[in-house]
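*Asks:* Next up is a structure, given as structure tokens.
The values are calculated or read from the model by the stated rules, or taken from the named source; none is laboratory data. None of these values were measured; they are calculated from a predicted model. With ideal geometry, Cβ positions are generated from the backbone for all residues, glycine too; neighbour counts draw on all protein chains shown.
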């Protein structure tokens, strides 16, 4: 989640300055701001690859039914395939694109590794498969696209010592910020919905953890109100900063020319 936070914040900020470039505002300030935010987001997006590999093996070991729901795997399988897309119905994932053995590789780095299926537990102990499966596909799909965008940026930056020049690259950056938020939320759906019906996996069910404490609404209301105050304060500060003139005295005349 730390890395995901850097991915989201990095690509959202980079998308703002990419939009500025597309609108013709491309001075020294915008270039430096985009470079810093995109570099952070790019390295974090690439780091999500090995982190995701570790997370998959951890889930396979500690929450195997969550992994089965992520892939719509009903029967325990050796050499289990990875499934892209598809709809789970009748204990089967229909219309999916299978990639042989990949799920076993992700689960324990074994070509013919054994992956536990949904059939090993009663239906009452299974999460809603389609919600978990699609959230997982969305998270991985967007994460892969962000990593690809990061590789393109870093390759041009390292080998050509400049920022990319393609207009399509900056259009992709504008879209990448909101997509990173969608991937983040999808990851939380996988984490929380995939664990159901357990609040503590295999120990306490969610329905057993529900509390009737009278102070909960008050505490929640206070927390929500504090977030509203912080959000309003942030908006006010950002508007003040946006209205302040930038110091462009260090820029050369050529840098001040419209793009």
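*Asks:* Take residue 157 and tell me if it is within 19 Å of residue 32 (Cα to Cα), modelled with pLDDT under 95 and surrounded by 16 or more Cβ atoms within 10 Å (Cβ to Cβ).
*Replies:* When the stated conditions are applied, residue 157 passes them.
*Asks:* Condition test on residue 12, is it free of Cβ contacts under 8 Å to residues at least 40 places away in the same chain, farther than 15 Å from residue 169 by Cβ and in a helix (DSSP H, G or I)?
*Replies:* In short, no.
*Asks:* Right, here's the next one. Do we have residue 175 as surrounded by fewer than 14 Cβ atoms within 10 Å (Cβ to Cβ), touching a helix residue (DSSP H, G or I) at 6+ places or on another chain (Cβ under 9 Å), assigned to a helix (DSSP H, G or I) and on the phi < 0 side of the Ramachandran plot here?
*Replies:* Here the answer is no, as residue 175 does not meet what is asked.
*Asks:* Inspect the stretch 220-231 for any residue being at pLDDT 90 or above and under 30 Å from residue 22 (Cα atoms) and give the result as yes or no.
*Replies:* Yes - at least one qualifying residue is present in the stretch 220-231.
*Asks:* Being crowded, with 20+ Cβ neighbours inside 10 Å and touching a strand residue (DSSP E or B) at 6+ places or on another chain (Cβ under 8 Å) is true for just one of 45, 68, 18. Which residue is that?
*Replies:* Result: 68 is the single residue among 45, 68, 18 that is crowded, with 20+ Cβ neighbours inside 10 Å and touching a strand residue (DSSP E or B) at 6+ places or on another chain (Cβ under 8 Å).
*Asks:* So, in the stretch 122-138, exactly how many residues are under 13 Å from residue 187 (Cβ atoms) and touching a strand residue (DSSP E or B) at 6+ places or on another chain (Cβ under 8 Å)?
*Replies:* Here the count works out to 1.
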